[in-house]
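Structure, as structure tokens:
The values are calculated or read from the model by the stated rules, or taken from the named source; none is laboratory data. Values in this document were obtained by computation on a predicted structure and should not be read as measured data. Ideal geometry is used to build each Cβ from the backbone, glycine not excepted, and the neighbour counts take in all protein chains shown. Quick note on the areas: whole protein, heavy atoms, side chains included, nothing else; ligands and nucleic acids left out. Shrake-Rupley method; radii C 1.70, N 1.55, O 1.52, S 1.80 Å.
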Amino acid sequence: METFLIRALQLIMSISLLVIIHEGGHFLFARLFKVRVEKFCLFFDPWFTLFKFKPKNSETQYGIGWLPLGGYVKIAGMIDESMDTEQMKQPEKPWEFRSKPAWQRLFIMIGGVLFNFLLALFIYSMILFAWGDEYVPVRQVPLGMDFNETAKAAGFQDGDVLLSADGVPFERMGTDLLTSIVDARQVTVLRRGREASVYIPERMMDRLLADSVRFATFRFPFVIDSVLPGHPAALAGLQPGDSITHLDGRAIAYFDFKQEMMRRSEAGASAATAATADSTAFANPHLIALTYMRNGTTHTVSLATDSLFQIGVLPVMETERLLPVVKKSYSFFASIPAGVTLGVNTLKGYVNQLKYVFSKEGAKQLGGFGTIGSIFPATWDWHQFWYMTAFLSIILAVMNILPIPALDGGHVLFLIYEIVARRKPGDKFMERAQIVGMSLLFALLIWANLNDIIRFLF
């Protein structure tokens with residue numbers, strides 16, 4: 001319950017900030033061009049408003065709605081979410097949206113998207129200034145990667161070190177790396193000390209979207225953090241800092257070791273259950289051979305484990321102690337161009353991935369508020385909160401600029417038509433387009449949240 005509340009609070013704070021900034025962009029450009037804004041509302045307010053006030057001598061009423069699906073500004077003389085068709089039947093007023101030149105109306109409509117993108121650039125810059133940048137270079141991981149079954153079917157093998165895609169070197173894990181792999185013809189890996197090629201099949205992303213596990217994860221070395229007294233590892237002389245490299249002569253990483261020991265434990269339990277005539281079968285010890293590194297020297301020892309195959313060690317779990325980590329710090333002025341670069345690259349990556357949403361498997365992966373909330377950390381972490389907020393700001397900007405009626409992009413599309421054709425679309429057409437667009441958006445919203453419910457239940 002605590003985890004849910006922490007994530008829910010982060011989601012509400014993030015969405016509230018993004019909506020205020022987005023609608024603030026429309027508001028600022030509207031006021032810049034002397035267009036009257038009748039209402040500025042955080043969240044939607046059908047039937048009633050939780051809170052509202054109108055400053056003295058102001059033309060704008062500010063409020064908070066009860067339906068947290070976004071927000072809006074009601075701009076005079078415009079067909080929008082309010083569907084105020086009665087106002088459109090009146091003669092044009094000089095302070096109305098419809099009375100302004102097309103180029104001014106265009107700026108008003110793109111103001112929200114522009115402000116969301118600028119907000120993302122600002123947050124990314126401040127993240128780099130406050131926390132710097134930290135990542136694991138994929139080309140330098142000592143044990144390579146573990147791959148899911150789809151990746152293995154394409155030719156990847158556990159332990160491969162990812163080097164490049166179509167000759168372009170990899171730098172770090174992330175969506176950019178996955179996109180470059182699925183869009184490539186050939187991926188080069190380092191396999192057992194030699195370079196090898198993996199040829200990527202068509203529709204690789206569709207296959208990966210159908211998976212419930214990640215394409216690849218780092219193979220962590222098994223470094224001992226502490227040894228439990230009186231257990232097999234302590235009796236064999238293992239010490240904190242030792243790195244276990246082989247089990248019974250086979251090279252092994254931490255999760256391989258864990259899975260193998262669990263498999264042997266289950267097999268031993270089944271054998272003991274079957275041997276009902278021998279009451280001591282389950283208690284018999286099992287010998288395993290461990291090879292480990294200590295101060296650059298290799299050692300091999302035999303351990304007698306119990307039926308649960310427990311050796312009595314706790315592993316190091318901190319990534320920075322197990323894998324090479326690149327850390328960069330930025331001054332205030334250096335953080336700004338670096339943040340802009342990060343924001344632009346994030347935008348490019350998201351736009352490139354957007355095409356997969358329109359595939360069958362991509363539609364299944366659409367998520368609603370549950371999915372969005374789950375990307376926030378389970379414990380409060382300002383670094384991750386701001387990082388996710390910046391990413392959501394870019395998503396909001398991209399989704400709003402799509403040429404769908406009822407979205408900013410739909411209005412922009414009609415304005416571009418007006419500029420080219422030198423005539424406005426009719427009010428009736430705009431009303432119907434707004435209704436169709438809103439219907440599509442609500443259907444998409446229902447579909448995305450239905451996917452969340454299905455994933456939660458099944």
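For the reader, a short list of remarks on this structure follows.
- For region 188-236, with +1 on Lys and Arg beta carbons and -1 on Asp and Glu, the positive-most of LEU209, ALA196, PRO221 along the dipole: ALA196
- Between TRP66 and PHE53, residue separation times 0.36 nm minus the direct Cα-Cα distance comes to 3.2 nm.
- Relative contact order for region 388-445, counting Cα pairs under 8 Å that sit 6 or more residues apart, in percent: 26 percent
- Note that the chain presents 55 Å² accessible area per residue, ligands and nucleic acids not counted, probe 1.4 Å.
- Here is how the number arises for the chain: DSSP H runs of 4 or more residues each give -39500 (n - 2.57), the sum is divided by the residue count, and the result at 222 nm is -15000 deg cm²/dmol.
- In this structure, the amide hydrogen of LYS39, modeled 1.01 Å from its nitrogen in the peptide plane, lies closer than 5 angstrom to those of GLN61, LYS74, counting only residues at least 5 positions away or on a different chain.
- Dipole magnitude of the chain, debye to nearest 20 (Cβ charges: Lys/Arg +1, Asp/Glu -1, about Cα centre): 1500 debye
- Summing charges over neighbours of LEU396, with a neighbour being any other residue whose Cβ is under 13 Å away from its Cβ, gives -2 when K and R count +1 and D and E count -1.
- Only Lys, Arg, Asp and Glu carry charge here, each on its Cβ (+1 for the first two, -1 for the last two); on that basis region 337-458 has a dipole of about 420 debye about its Cα centre.
- When the square roots of the Cα gyration tensor eigenvalues are ordered a ≥ b ≥ c, the ratio a/c for region 156-272 is 1.5 or more and a/b exceeds b/c, which makes its shape prolate.
- Listed by chain and number, the lysines whose alpha-carbon sits under 20 Å from that of LYS34, ignoring those within fewer than 8 places in the same chain, are LYS54, LYS56, LYS74, LYS93, LYS100.
- Cα shape, region 328-458, gyration tensor, a/c 1.5 rule: oblate
- Signed unit charges on C-beta, dipole axis of the chain, positive-most listed residue MET173, ILE336, HIS286: ILE336
- Peptides ranked, highest mean first, by Cβ atoms within 10 Å: ranges 50-58, 337-345, 380-388, 10-18: 10-18, 337-345, 380-388, 50-58
- Alpha-carbon centroids, region 149-171 and region 400-425: separation in whole Å: 43 Å
- VAL436 accessible area, assembled protein chains, probe 1.4 Å, Å²: 80 Å²
- Extended-chain gain in nm, criterion 0.36 nm per residue less alpha-carbon gap, LEU440 and ALA153: 99.5 nm
- Tensor-based shape of the chain (alpha-carbon gyration tensor, a/c under 1.5 rounded, otherwise prolate or oblate): prolate
- Split the accessible area of region 330-458 by element, probe 1.4 Å, and carbon with sulfur accounts for 73%.
- Its convex hull of Cα atoms gives region 1-124 a direction-averaged projected area, equal to a quarter of the hull surface, of 9.5 nm².
- Charge dipole magnitude, Cβ of K and R +1, D and E -1 - region 25-160, Cα centre, debye nearest 20: 1080 debye
- Dipole of the chain, positive direction: furthest Cα of ILE75, HIS22, ALA253, with charges on the beta-carbon: ILE75
- Mean separation of Cα contacts under 8 Å, 6 or more apart, over the residue count of the chain: relative contact order %: 18 percent
- Packing, as the average of other Cβ atoms within 10 Å across residues, places the peptides 40-48, 294-302 in the order 40-48, 294-302, highest first.
- In plain terms, the chain from ALA421 to THR217 could stretch by 68.1 nm, reckoned as 0.36 nm per residue minus the Cα-Cα distance.
- Between ARG294 and GLN259, the modelled labels are 3.0 nm apart [label points 7 Å from Cα along Cα→Cβ].
- Angle between the chain longest axis and helix 2-32 axis [Cα atoms, degrees, rounded to 10]: 30 degrees
- Percent RCO, i.e. relative contact order, over region 104-252, from Cα pairs under 8 Å lying at least 6 residues apart: 19 percent
- Amide H within-cut-off set for SER226, under 5 Å, with H built and near neighbours excluded: LEU314
- Nearest 10 degrees, 0 to 90: helix 332-354 Cα axis against the chain principal axis: 90 degrees
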